[in-house]
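Novice: One structure is given below, represented as structure tokens, and several questions about it will come after.
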Amino acid sequence: MATDTLNPTPLSPRAWLHPTPRGLYCVPGDFYIDPAVAVPRAIITHGHGDHARPGHRQALATPETLAIMRARFQDMPDTQQQALGYGESVRIGEVEVSLVPAGHILGSAQVVLEHQGQRIVVSGDFKRRPDPTCPAFEPVPCDVFITEATFALPVFHHPSDSGEIGKLLRSLQTFPERTHLVGVYALGKCQRVIKLLRAAGYDKRIWLHGGLASLCTLYQQHGIDFGDIALVSDAVLETFKGAIVLCPPSAMADRWSRRFFDPIPAMASGWMSVRARARQRGAELPLIISDHADWSELTQTLQDVGAPKVWVTHGREEALVHYARSIGIEAEALHLTGRDEEDES
Ligand SMILES: [Zn+2]
Ligand SMILES: [Zn+2]
């Protein structure tokens with residue numbers, strides 16, 4: 001009937017993209033985004049373990065994210081891999097898919113989906129401040145924006161990165177004999193801390209725990225210059241007095257760290273603004289360096305993308321849902337399973 005074509009019922013975004021127990025599923029494209037389990041076809045926003053999992057029959061991601069996944073998952077010989085660079089697009093089923101920088105870690109992308117005149121953006125994890133290890137987040141105007149909410153409380157305000165790195169360098173001046181042992185996650189945080197130290201003018205050798213080596217090499221292969229870095233295990237006659245040593249948070253408390261004389265334990269994480277967490281980590285020197293947006297970055301992003309609908313996931317959904325509604329956005333929490341608040345565990 002003619003009335004149908006004149007007045008078609010608008011397609012509900014939830015009808016073509018919705019959460020399932022396996023993850024966020026796109027019906028007209030028959031694929032999942034960052035699924036929690038192995039699926040026939042997945043689009044992966046970035047390489048952190050709670051987003052990128054092994055065993056998919058097909059995986060589409062940026063070339064950098066696929067390289068990270070191969071490094072972590074024994075080359076993924078059984079996964080058919082499709083690389084899509086930033087700004088490129090591909091049609092999957094009845095959906096136009098493109099990837100846009102998310103500013104979170106190397107290769108991190110927002111997934112832009114277009115179907116029947118509607119555009120949904122799945123941000124994955126993101127931050128808005130500059131990070132020399134990846135291109136900056138690009139706001140994409142859309143009908144529905146799916147945002148993370150890791151630090152979605154007004155109390156979360158991440159201080160400047162250079163100020164936090166300054167704390168580490170000042171401590172080094174104050175205690176020139178002591179090893180500064182900095183706990184960092186292997187993917188993203190480690191590389192960012194090295195670059196921040198270099199940007200602050202620190203040009204001495206930075207020592208690494210072996211568990212950080214392979215991803216640093218991968219970043220170097222993608223053109224990121226770290227200056228003089230070396231493995232603790234390769235050191236000969238080195239006292240590590242006054243040295244900066246980066247290690248996975250788990251290594252700070254184990255036998256490995258006993259080789260250092262009177263070390264100062266530091267930890268770089270967005271969670272270091274929470275005193276109890278810093279204590280729990282044994283961090284005498286907590287450095288608030290986050291790869292996730294803080295409250296003002298999250299709210300600014302909602303303004304920038306201008307989406308009339310926002311779906312909130314992955315953290316403290318309620319506060320951001322409340323904020324979005326207060327500025328006239330139709331907002332709801334999207335309960336997805338299988339996400340970690342710390343990215344790596
Ligand atoms: Zn992440
Ligand atoms: Zn995450």
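Novice: Just reorder 317, 332 by solvent-accessible area, largest first, 1.4 Å probe, all chains present.
Specialist: Final ranking, largest accessible area leading: 332, 317.
Novice: Moving to a separate point now. Kindly give Rg over Rh for the chain, based on alpha-carbon atoms, with the Kirkwood expression for the hydrodynamic radius.
Specialist: Ratio value, two decimals: 1.01.
Novice: Angle between the Cα long axis of helix 161-174 and the longest principal axis of the chain, 0 to 90 degrees, nearest 10?
Specialist: Approximately 10 degrees, to the nearest 10.
Novice: If the viscosity is 1.306 mPa s and the temperature 10 °C, what translational diffusion coefficient in µm²/s does Stokes-Einstein give for segment 158-286 when Rh comes from Kirkwood over Cα pairs?
Specialist: 108
Novice: Also, I was wondering about something else. Using a Förster distance of 35 Å, how high is the FRET efficiency between residue 230 and residue 83, based on the Cβ-Cβ distance and rounded to 0.05?
Specialist: 0.65
Novice: Just to check I understand the Karplus step: with θ = phi - 60° and J = 6.51 cos²θ - 1.76 cosθ + 1.60, what whole-Hz values come out for segment 72-86, glycine and proline as x?
Specialist: The phi angles translate into 8, 10, 6, 6, 6, x, 8, 9, 6, 9, 10, 8, 10, x, 4 Hz.
Novice: In addition: How much of residue 231 can a 1.4 Å solvent probe reach, expressed as accessible area in Å² and rounded to 10?
Specialist: 40
Novice: Taking all protein chains as present, what is the carbon and sulfur share of the accessible area of segment 104-226, in % to the nearest whole number, probe 1.4 Å?
Specialist: 54
Novice: Roughly to the nearest percent, how much of the accessible area of segment 28-94 is carbon and sulfur, given a 1.4 Å probe?
Specialist: 44
Novice: Would you mind telling me which residue in 207, 311, 256 has the biggest mean-square fluctuation in a Gaussian network model of the chain, where springs connect alpha carbons within a distance under 10 angstrom?
Specialist: Highest fluctuation among the options: 256.
Novice: How many angstrom lie between the C-alpha centres of segment 105-161 and segment 203-256?
Specialist: 30
Novice: Taking only protein heavy atoms into account and a 1.4 Å probe, give the accessible area per residue of the chain in Å².
Specialist: It amounts to 43 Å² per residue over the chain.
Novice: Please work out how much accessible surface residue 239 shows to a 1.4 Å probe, ignoring ligands, DNA and RNA, in Å² rounded to 10.
Specialist: That residue has around 90 Å² of solvent-accessible surface.
Novice: Ok, one more. Between helix 189-199 and the chain, what is the angle of the helix's C-alpha long axis to the longest principal axis, kept within 0 to 90° and rounded to the nearest 10?
Specialist: Relative to the chain, helix 189-199 is tipped by roughly 60 degrees.
Novice: At 10 °C and 1.306 mPa s, what whole-number value in µm²/s does Stokes-Einstein give for the translational diffusion of segment 211-345, with Rh from the Kirkwood sum over Cα pairs?
Specialist: The Stokes-Einstein estimate is 87 µm²/s.
Novice: Per DSSP H run of at least 4 residues, take -39500 (n - 2.57); add these up for the chain, divide by its residues and hand me the 222 nm value, nearest 500 deg cm²/dmol.
Specialist: Helix-only estimate at 222 nm: -6500 deg cm²/dmol.
Novice: While we're here: For helix 317-326, report the angle its Cα long axis makes with the longest principal axis of the Cα atoms of the chain; keep it between 0 and 90° and round to the nearest 10°.
Specialist: Value to nearest ten degrees: 60.
The values are calculated or read from the model by the stated rules, or taken from the named source; none is laboratory data. Bear in mind that the values here come from a model prediction, so they are computed numbers and not experimental data. So basically every Cβ, Gly included, is an ideal-geometry build from the backbone, and we count neighbours across all protein chains shown. Accessible surface is based on the protein model in full, side chains and every heavy atom, while ligands, DNA and RNA are left aside. Shrake-Rupley method; radii C 1.70, N 1.55, O 1.52, S 1.80 Å.
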